[in-house]
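Structure first, then comments.
The values are calculated or read from the model by the stated rules, or taken from the named source; none is laboratory data. Since this is a predicted model, take the numbers as computed values, not measurements. Here the Cβ positions follow ideal geometry from the backbone for every residue, glycine too, while neighbour counts run over all protein chains shown. Heads up: the accessible areas ignore ligands, DNA and RNA and are worked out on the full protein's heavy atoms, side chains in. Shrake-Rupley method; radii C 1.70, N 1.55, O 1.52, S 1.80 Å.
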Amino acid sequence: MHSHENVVRAGVRHRQSFGLDNSRLADHGCEHCIRNGHHIAFHLASNGLQRGYGSELLSVQQTFAPMGEMLPSIARCARCIGLPYRGCRLFVLGTFDCVIYGVEIREMPEFPAFGRGGTLDLGIAGRTAVVLGGGGGLGGAIAEKLAAEGAEVAVADIHFEAAAARSDLIVAAGGRAIPVAWDIADLDVIEDKVAEIERTLGPVDILVNNTGGPSPAPVLGLPSTVWLDHFRSMVLSVIAVSDRLVPGMRTRGWGRVITSASSGVVAPIPNLGLSNGLRAALLGWSKTLAREVASDGVTCNIVVPGRIGTGRVERLDRIKAEAEGRTVEAVTAESVATIPIGRYGDPSEYASTVAFLASVPASYITGSVVRVDGGLIPSL
């Protein structure tokens, strides 16, 4: 860790190199970043630094600016000033009559892990998120959760009415969202859809890959055309959308790619052969991608749902009940009995896990497979 003197000296070099006077720096943060289109967010506090900024910065405050109301401005982007480590932060400490500025050079999340009152701050306010399948049960819950954390969300779904309904709920709750009609199996429209989102919300920082699942079927004897159609909609679509969005994330030095799979990729589910086989391919893809882009500030993770109470799970229970000549209630009770927690999960619980993986505090989690299953999957 550099000394406080060196920290402040680094800030002086930055100020001189771009000709920023103290007042402009205090009011607007790094204007060079603003001119170059980097995303900047400011946190203001009336009583010194918010919890989580670190003892080093607190010491700078106490040593160099002991008087007056503190107005810390934390800029999310330090790439433009050529710092040697990702995660470095430009900081400005202002009082009524002076400004202390500098660069904290160390590897750490760009924002504090804790905000006022000790609550977890995910640090994604103002980020742009795309949620594929955002009109459905899991996708819709994810879109709502990200929006509740301050992200601006493109709710994409093949069924525009479902996307619009979910988007309306987000807006009514005070968030920002737009619906996007998107059949992700049509690879030719990816560029147009991304351009539509970026015109309205800006560059995409968070991508949630969430595709619909196929109907139940045994794995043996399926026509090759069925495998090819579902490979296109469930696997190739995810890869193609990610290929379009990840390069921008790498350039900006921050991004999240979160892919929703199925518990069948860990413990294959009987009579869901297509899902078991195809979704498993995404595990190898995500792990490989994670290693390729980690040094650029982009994380890639798989989330595995168990039995979450969505329309799809209800439909699967109904199909099984009809096939076996039993009631839906009996099938559901049998399924619940296999879950150690003793119930189906709520979509909001799944969405909270996804939101955390999209967060700044989760910056060191990548290449992982995270289960949200109530203990259902018996394997290690």
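Could you please state how large a percent of the accessible area of the stretch 250-291 is carbon and sulfur, counting protein chains only and using a 1.4 Å probe?
Solvent-exposed carbon and sulfur of the stretch 250-291 make up 57 percent of the total.
Per q in 0.11, 0.20, 0.21 Å⁻¹, report the Debye log10 I(q)/I(0) for the stretch 243-380, using one uniform scatterer on each alpha carbon and no solvent.
Reported log10 I(q)/I(0), two decimals: -0.47, -1.18, -1.26.
Give me the accessible area per residue for the stretch 252-370, probe 1.4 Å, as a whole number in Å².
Working: 5030 Å² over 119 residues.
For the stretch 252-370, the per-residue accessible area is 42 Å².
Per q in 0.21 1/Å, what log10 I(q)/I(0) does a Debye calculation on the alpha-carbon atoms of the stretch 307-367 return?
For the requested q values the scattering log ratios are -0.82.
Report the FRET efficiency, 1/(1 + (r/R0)^6), for residue 283 and residue 220, where r is their Cβ-Cβ distance and R0 is 30 Å, rounded to 0.05.
Values: r = 22 Å, r/R0 = 0.75.
That pair, residue 283 with residue 220, gives E of 0.85.
Using DSSP to define loop residues, name the chymotrypsin sites (Phe, Trp or Tyr not before Pro) in the stretch 298-380 whose beta-carbon has at most 12 other beta-carbon atoms within 10 Å.
Details: sites: 344, 350, 356, 364; in loops: 344, 364.
Hits after loop and neighbour filter: 364.
Is the stretch 129-204 rounded, prolate or oblate when judged by the Cα gyration tensor, a ≥ b ≥ c being the square roots of its eigenvalues, rounded requiring a/c under 1.5 and prolate requiring a/b larger than b/c?
In terms of gyration-tensor shape, oblate.
Using a 1.4 angstrom probe, figure out how much accessible area the stretch 119-249 has per residue, in square angstrom, rounded to the nearest whole.
Ligands and nucleic acids excluded, the figure is 41 Å² per residue.
Excluding same-chain residues fewer than 8 positions from residue 193, which lysines have a Cα within less than 23 Å of its Cα?
Cα-Cα hits under 23 Å: 145.
May I ask what percent, to the nearest 5, of DSSP beta bridges between residues of the stretch 121-205 are antiparallel?
Numbers: 0 of 11 bridges.
Close to 0 percent.
Which distance in Å, rounded to a whole number, links the C-alpha centroids of the stretch 168-208 and the stretch 358-380?
25
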